[in-house]
Amino acid sequence: MLKRIQITYEFCVDTPTGSDEEAVEIFSPLHTSAIEDGRCGIVSGPIVSDVSSSLQFEEATLDEVPLGSFDYTLKERLERGEG
């Protein structure tokens, strides 16, 4: 059964110039490893809910294979009637 998990993280980014754009540039390639290493805080979650519609997800998530699965993307599974 497909489940949706939402977690909101927060990160601290050190920027030489202090600009918001620079913070995002530094954050973008490093946020995945920061989550893996525990270098961030969880603001809320995890919130677990049943999957009932593609409207619950961002487009990028729909195009990915669900965690723990190895076959179809989330969008393909929802189109097949799985939920």
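In the list (i) 31, 14, 11; (ii) 24, 16, 8; (iii) 33, 16, 12, the label attached to semi-axes √(5λ) of the Cα gyration tensor in Å as derived from the coordinates here is (i). Any idea which of Ile35, Pro66, Phe11 is furthest toward the positive side of the dipole for the chain, if Lys and Arg beta-carbons carry +1 and Asp and Glu beta-carbons -1? Working it through, the farthest residue towards the positive pole turns out to be Pro66. Using the Cβ-Cβ distance between Asp14 and Ser69 with R0 set to 35 Å, the FRET efficiency from 1/(1 + (r/R0)^6) comes to roughly 0.40.
Pairs of Cα atoms nearer than 8 Å and 6+ residues apart set the relative contact order; for the chain it is 37 percent. Mean residue ellipticity at 222 nm, helices only, the chain: -9500 deg cm²/dmol; runs of at least 4 DSSP H residues each add -39,500 (n - 2.57), and the sum is divided by the number of residues. For the range 1-63, a simple Cβ point-charge model (Lys and Arg +1, Asp and Glu -1, everything else neutral) yields a dipole of about 420 debye relative to the Cα centre. At a probe radius of 1.4 angstrom, the accessible area of the chain per residue rounds to 77 square angstrom.
The values are calculated or read from the model by the stated rules, or taken from the named source; none is laboratory data. Model, not experiment: these values are computed from the prediction. Positions of Cβ are generated from backbone atoms using ideal geometry, with glycine treated the same way; all protein chains shown enter the neighbour counts. Please note that ligands, DNA and RNA were not included when accessible areas were found on the heavy atoms of the full protein model with its side chains. Shrake-Rupley method; radii C 1.70, N 1.55, O 1.52, S 1.80 Å.
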